[in-house]
Structures are given as C-alpha cells and as structure tokens.
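Below: the structure, in structure tokens.
FYI, it's all coordinate maths here, none of it is from the lab. Quick caveat: nothing in here was measured; it's all calculated off a predicted structure. FYI the Cβ positions are ideal-geometry reconstructions off the backbone, even for glycines, and counts take in every protein chain you see.
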Amino acid sequence: MQAHDNQRKSVYPISPIFLNRWSPRAMSGEPITDEQLMTLFEAARFAPSAFNEQPWRFIYAHKDTQVFTELFNSIVPFNQTWAHAAAVLVVVVSKSVFERNGKVSQTASFDTGAACMSLALQGSIDGLVVHAIAGFDYEGVRTLLRIPVEYTIEVMFAVGKPGKVEDLPIELQTREKPSGRKVLEEIVFKDVFE
C-alpha cells in the first residue's frame, strides 16, 4: 500500500515496509488473480518455523462461490459490514503436533503467526488489502472446511483490492487509517519482566 497522510513514524530506523503495512477495511469488491493470491501464500511459505515443520495451512475461497458465502455467513455482523467487499476469504490453521514425532508443538501458533505476517507484508507491498478477522464461528468453519482436529483454527483473512473509504459504514470511515503503536518501554524489558 502507499504511504498515508498520517504516516507512522518509528523511533529507530526500520524498513518502510513495516510502517506502511496496516489493516484497511475498504475493499473494492473486484476480483484478484490466482497469481496475486499465490504470491501471498508464496511469501508465507518462507516464514521460519520450529524444526522447519511449517505448520501453517491456508484454505481460501473466491467471492461469488458457495464456500465464500458460507464463510462470510460465519462472520459476526460487525465484520460483515466491510468483509462483503473482499475478493477472497482465507482461513488459517496450524498443525498442533509435529509431523516428525507426533508430539505437541508449543510453537505452531507462533510459527503460523510469522507466516501470516509474511503474507500481510507481501499483500501490503503488492497494494492489496489484507485484514485479519477473529470474529467468526470457529467450530462452524471447522465443519464447513472439514478441518481435522489436530489443526487449530487461528484466524480468517479478508483479501482484496483497495476500495473507497466512503463505501464503508459511517462508524468505520474515521477508523480507516493506520493505527498507533505502544512505545518500546511498554513492550520491551531488560533482565526481568516489569
């Protein structure tokens, strides 16, 4: 995505890709190509993971398909007010046990989060909207997508081309800008947690 008027600023020098990535809701409803979508998954594929297990899995559905409609219907009404304009809905799951030995993976969700950040950054670089959704019926989605029990449902993403802010519900229009961040002193501690 392009930098915005209220561009974020960092205290220490970091790449602009981190400052420019944010989670808009305004999408145009236009389709995206399989190549655009697969580029996001390709970026996710190269994320780090414990023992290189790559526990993440992505299940997607394009707009105007039955699965998209059913996924959309699983989303809470607030998120439906903007997610209807997504080109694709993506459900992210992580395998909760290691393939190498069947033991529980303590880092599957963490590793999958790294893959999701890679996906989101690639989307931002490519000028696409990538917005995570936590408000949906997880068990209904598990049944719909036939997700095995050894996989944890992590999140859903709405992906699409940028749209007009004025097409969002009024209460969301003022929120359609990059959000602030806590200062480092609130999240970083030396020696002990304080």
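Assorted remarks:
- A Cα-only calculation for the chain places Rg and Dmax at 17.6, 53 Å.
- Over all other residues within a Cβ to Cβ distance under 13 Å of residue 131, the charged ones net out to +3, with Lys and Arg as +1 and Asp and Glu as -1.
- Only helices enter this figure: runs of n ≥ 4 DSSP H residues, each worth -39500 (n - 2.57), summed and divided by the residues of the chain, yield -9500 deg cm²/dmol at 222 nm to the nearest 500.
- Under 20 Å, Cα to Cα: Lys pairs in the chain, sequence gap 8 or more or different chains: 8
- Highest-MSF residue in the chain out of 183, 67, 159 [GNM, Cα springs under 10 Å]: 183
- Cleavage-rule hits (trypsin sites (Lys or Arg not before Pro)) in the range 51-155: DSSP loop, at most 16 neighbouring Cβ within 10 angstrom: 100, 103, 146
- Taking 112, 69, 152 and counting other C-beta atoms within 10 Å, the order from fewest to most: 69, 152, 112
- GNM top mover of 93, 76, 129 - the chain, alpha-carbon springs below 10 Å: 76
- Contact order relative to length of the range 16-164, as percent, for alpha carbon pairs under 8 angstrom and 6 or more apart: 38
- Gaussian network model of the chain, springs between alpha carbon atoms under 10 Å - residue of 133, 59, 14 with greatest fluctuation: 14
- For residue 97, the residues whose amide H sits under 5 Å from its own are 105, ignoring neighbours fewer than 5 places away on the same chain, with H placed 1.01 Å from N.
- A Cβ-based charge dipole, computed about the Cα centre of the range 16-164 with Lys and Arg at +1 and Asp and Glu at -1, lands at about 200 debye.
- Low-density loop positions, GluC sites (Glu not before Pro), the range 13-115 - DSSP coil, at most 12 other Cβ in 10 Å: 99
- Once the C-beta distance of residue 99 and residue 46 is scaled by a Förster radius of 25 Å, the resulting FRET efficiency is 0.85 to the nearest 0.05.
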